[in-house]
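Working notes, beginning with the structure itself.
The values are calculated or read from the model by the stated rules, or taken from the named source; none is laboratory data. Note that the coordinates shown come from a computational prediction; the quantities given were computed from them, not determined experimentally. Every residue, glycine as well, gets a Cβ built from its backbone with ideal geometry; the counts of neighbours run over all protein chains shown. Side chains are part of the model used for accessible areas, which takes the heavy atoms of the whole protein and leaves out ligands, DNA and RNA. Shrake-Rupley method; radii C 1.70, N 1.55, O 1.52, S 1.80 Å.
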Amino acid sequence: ASMAVRIVRLGSPRLPGEGTRLGTVRRPPRGARKEDFSTRDYYDAWLPTLAPQPETVELALHGTGPRDWATFVRRYRAEMAGGEGRHVLDALAALSHTADFPVGCYCEDESPCHRSILRELLAERGASIA
């Protein structure tokens, strides 16, 4: 069977055989105890390295249109191009061929969320994406 990374909403019900869920978010879920993150379907392991910087997140959360979103995308891609982000992305892209695992964020809709860009960044590295 082919393996793949799946892009998910944290807190959504898990799919059978989904694998270890990675939270690519800046902050832990509000109002949940650390020991409940996994059982409440948030994440099994926290990977804030792939979360946008706080000021970049503000652009996505409080942006008012396509220009703000374009700025968000440019900044987030720049953050992921340098430093630890690119190494983690390379590793996840490689792992996606030998393991099933989901990565995600809390946003209800993927389109105005950094995980839509995460999907692109992984695809650009040849990741196997479900």
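What number of residues within the stretch 18-34 are out of contact with any strand residue (DSSP E or B) (no Cβ under 9 Å at 6 or more places or on another chain) and either open to solvent by less than 40 Å² (accessible area, probe 1.4 Å) or of a type in the set (V, I, T) (or both)? So that I can check it myself, show each step before the final result.
Here is the first cut: in the stretch 18-34, the residues out of contact with any strand residue (DSSP E or B) (no Cβ under 9 Å at 6 or more places or on another chain) are 26-27, 30-34.
Next cut, either open to solvent by less than 40 Å² (accessible area, probe 1.4 Å) or of a type in the set (V, I, T) (or both) only: 32.
Counting residues in the stretch 18-34 that are out of contact with any strand residue (DSSP E or B) (no Cβ under 9 Å at 6 or more places or on another chain) and either open to solvent by less than 40 Å² (accessible area, probe 1.4 Å) or of a type in the set (V, I, T) (or both) gives 1.
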### Task
Run L15 past the list (1) within 17 Å of E124 (Cα to Cα); (2) open to solvent by 40 Å² or more (accessible area, probe 1.4 Å); (3) of a type in the set (A, V, I, L, M) and report the number of the one that doesn't hold.
(1)
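Does R74 fit the bill of being of a type in the set (D, E, K, R) and assigned to a strand (DSSP E or B)? First the steps, then the outcome.
Working: of a type in the set (D, E, K, R): yes; assigned to a strand (DSSP E or B): no.
So R74 does not fit the description; no.
Is it the case that the stretch 53-63 has a residue that's open to solvent by 70 Å² or more (accessible area, probe 1.4 Å) and in contact with a Gly (Cβ under 9 Å, 6 or more places away or on another chain)? Please lay out each step first, then the result.
Within the stretch 53-63, the first condition is being open to solvent by 70 Å² or more (accessible area, probe 1.4 Å), and the residues that meet it are 53, 55, 58, 61-62.
This time we only want the ones that are in contact with a Gly (Cβ under 9 Å, 6 or more places away or on another chain), so: none.
Checked the stretch 53-63: no residue is open to solvent by 70 Å² or more (accessible area, probe 1.4 Å) and in contact with a Gly (Cβ under 9 Å, 6 or more places away or on another chain).
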#### Entry: Single residue of the stretch 93-124 satisfying the filter (part of a helix (DSSP H, G or I) and out of contact with any Lys or Arg (no Cβ under 9 Å at 6 or more places or on another chain)) that is surrounded by the most Cβ atoms within 10 Å (Cβ to Cβ)
H114
### Task
Would you confirm whether any residue within the stretch 35-43 is within 13 Å of the chain's Cα centre (by Cα), of a type in the set (S, T, Y) and surrounded by 12 or more Cβ atoms within 10 Å (Cβ to Cβ)?
yes
### Message
D90 - would you say it is charged (D, E, K, R) and open to solvent by less than 60 Å² (accessible area, probe 1.4 Å)?
### Response
no
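In contact with an Asp or Glu (Cβ under 9 Å, 6 or more places away or on another chain), open to solvent by 50 Å² or more (accessible area, probe 1.4 Å) and of a type outside the set (S, T, Y), is that true of R67? If you could, list the steps in order and put the result at the bottom.
On the way: in contact with an Asp or Glu (Cβ under 9 Å, 6 or more places away or on another chain): no; open to solvent by 50 Å² or more (accessible area, probe 1.4 Å): yes; of a type outside the set (S, T, Y): yes.
The answer is no for R67.
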